[in-house]
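What follows is a single structure, written as structure tokens, with notes after it.
Computed from the coordinates by the stated procedures, all read-outs in this text should not be read as laboratory data. Please read these numbers as outputs of a predicted model, since none were measured by experiment. Cβ placement follows ideal geometry from the backbone for every residue including glycine, while neighbour counts extend to all protein chains displayed.
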Amino acid sequence: MDLSNLKPAKGSVKKKTRIARGEGSGKGGTATRGHKGQKSRSGYSKKIGFEGGQMPLQRRVPKFGFKNRNRVEYKAINLSMLQALADKRNLEAIDVETLVEAGLVSKNAKVKILGNGKLERKLDVTANAFSASARKAIEALKGTATTI
């Protein structure tokens, strides 16, 4: 056997039905579109969400809610995560750049330190925001919590 006599398995390749290519093909005439009417014409397309004249779902369901354009989204980092990072890299100070290098946040993210977990070492933490419990826990170990 060589490359010159390779072919697909018998019955695995079917010919594509060529629609609207004459009466002899069996798919000529109306080309499987039925007789007349809007759907038989070329260029037909119905609107997205059209339900045959019935009031569409996106208009039946009421609008609600409010999106505040000025909302500031923070990436939450817990004290337990800071402790793990400090142990792993033997750090005394942690800032946003350190968290970016560790892959915990993206470079443009605003970081908020939350108080879940325990700290066992003194840390100087710099972030965009702190929860009250996180600030209290950091300062209890004589560390500093600096807001950018």
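Using the rule -39500 (n - 2.57) for each DSSP H run of four or more residues, divided by the residues of the chain, the 222 nm mean residue ellipticity is -5500 deg cm²/dmol.
Of the peptides 73-86, 39-52, the order by per-residue mean of other Cβ atoms within 10 Å, starting with the highest, comes out as 73-86, 39-52.
Please arrange Met55, Met1 by counting, for each residue, the other beta carbons lying within 10 Å of its beta carbon, fewest first. Could the numbers behind the result be given before it?
Numbers: Met55 8, Met1 5.
So the residues, fewest neighbours to most, are Met1, Met55.
For Thr144, nonlocal amide neighbours, meaning residues 5 or more places apart or on other chains whose placed amide H falls under 5 Å from its own, are Leu123, Asp124, Val125. Ellipsoid semi-axes for the range 74-147, based on the Cα gyration tensor and the rule √(5λ), read 17, 14, 10 Å when sorted largest first. Among the lysines of the range 1-104, pairs that are 8 or more positions apart or on different chains and have alpha carbons within less than 24 Å of each other number 14. In summary, the aspartates and glutamates within cross-link reach of Lys136, defined as a Cα separation below 18 angstrom excluding same-chain residues under 8 places away, comprise Glu92, Asp95, Glu120, Asp124. With springs only between Cα atoms under 10 Å apart, run a GNM on the chain and tell me which of Gly26, Gly103, Gly117 wobbles the most. Per the Cα network of the chain with a 10 Å cutoff, Gly26 tops the list. Report, in whole Å, the centroid distance computed from the Cα atoms of the range 1-71 and the range 107-139. After rounding, the separation between the Cα centres reads 55 Å.
If you bin all the Cα-Cα distances of the chain at 5 Å, starting from zero, the percentages per bin are 2, 7, 11, 10, 7, 4, 4, 4, 4, 5, 7, 8, 8, 8, 6, 3, 1, 0, 0. For the range 32-88, the residue among Ser45, Phe64, Ala76 whose Cα projects farthest onto the positive side of the dipole built from Cβ charges is Ser45.
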